[in-house]
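Each remark here refers to the structure printed beneath this line.
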């Protein structure tokens, strides 16, 4: 389905929720180090993430290593509060890359600056500053699902 990329995630429950979402979507989760938590088997078991073994997971040592393997092209969508383009205006296709930054810092400024045409945002009211990371991933991912044919694509049979 999609490749969901978390750049330097810091809060374990957010990543756990996103991992569960990925399992349910048939999406691959990419985590880019440094991580703000341990994802070893013991830590995952302690957190009650019994579905984690079903997760299609790749962990990258750095953002540079990730981009060496996957250079940015038109299939990338960079989620940020620093653009005005709503997420629903992007065209999503199976296999696209949905990138989200750390909970406290977002994606690196240089990445956003160098690829403004790839940036999307989730509009918020005037009192809002940001959304929970796992909520934001769900909103964008399910817009992609809707555009790619809705729930029938999730029928894993």
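The values are calculated or read from the model by the stated rules, or taken from the named source; none is laboratory data. Since the model is a prediction, treat every value here as computed from it, not as a measurement. As a convention, Cβ positions derive from the backbone with ideal geometry for all residues, glycine included, and neighbour counts pool all protein chains shown.
Which numbered condition in (1) out of contact with any strand residue (DSSP E or B) (no Cβ under 8 Å at 6 or more places or on another chain); (2) surrounded by 15 or more Cβ atoms within 10 Å (Cβ to Cβ) is the only one that residue 87 fails?
(1)
For residue 142, work out the one condition from (1) assigned to a strand (DSSP E or B); (2) surrounded by fewer than 17 Cβ atoms within 10 Å (Cβ to Cβ) it doesn't fulfil.
(1)
Does residue 49 satisfy the criteria of being under 17 Å from residue 14 (Cα atoms), surrounded by 11 or more Cβ atoms within 10 Å (Cβ to Cβ), in contact with a strand residue (DSSP E or B) (Cβ under 7 Å, 6 or more places away or on another chain) and at pLDDT below 95?
No, not satisfied.
Looking only at the range 11-27, how many residues end up being farther than 20 Å from residue 62 by Cα and assigned to a loop (DSSP other than H, G, I, E, B)?
2
Can you tell which of 30, 77 is in a strand (DSSP E or B), closer than 21 Å to residue 11 by Cα, under 15 Å from the mean Cα position of the chain (by Cα) and modelled with pLDDT of 95 or more?
30
Can you find even one residue in the range 10-17 that is free of Cβ contacts under 8 Å to residues at least 60 places away in the same chain, more than 28 Å from residue 146 (Cα to Cα) and out of contact with any strand residue (DSSP E or B) (no Cβ under 8 Å at 6 or more places or on another chain)?
The answer is no; no qualifying residue exists.
When the residues of the range 97-107 are narrowed to those that are surrounded by 12 or more Cβ atoms within 10 Å (Cβ to Cβ) and in a loop (DSSP other than H, G, I, E, B), which ends up modelled with the lowest pLDDT?
Restricting to residues being surrounded by 12 or more Cβ atoms within 10 Å (Cβ to Cβ) and in a loop (DSSP other than H, G, I, E, B), the top hit is 103.
Going by the conditions given, is residue 94 in contact (Cβ under 8 Å) with a residue 60 or more places away in the chain, surrounded by fewer than 20 Cβ atoms within 10 Å (Cβ to Cβ) and in a loop (DSSP other than H, G, I, E, B)?
yes
Quick check on my filter: what residues within the range 109-127 are more than 15 Å from residue 73 (Cβ to Cβ) and in contact with a helix residue (DSSP H, G or I) (Cβ under 7 Å, 6 or more places away or on another chain)?
Those that are more than 15 Å from residue 73 (Cβ to Cβ) and in contact with a helix residue (DSSP H, G or I) (Cβ under 7 Å, 6 or more places away or on another chain): 120, 121, 122.
Could you tell me whether any residue of the range 115-125 is in a helix (DSSP H, G or I), within 17 Å of the chain's Cα centre (by Cα) and surrounded by 20 or more Cβ atoms within 10 Å (Cβ to Cβ)?
yes
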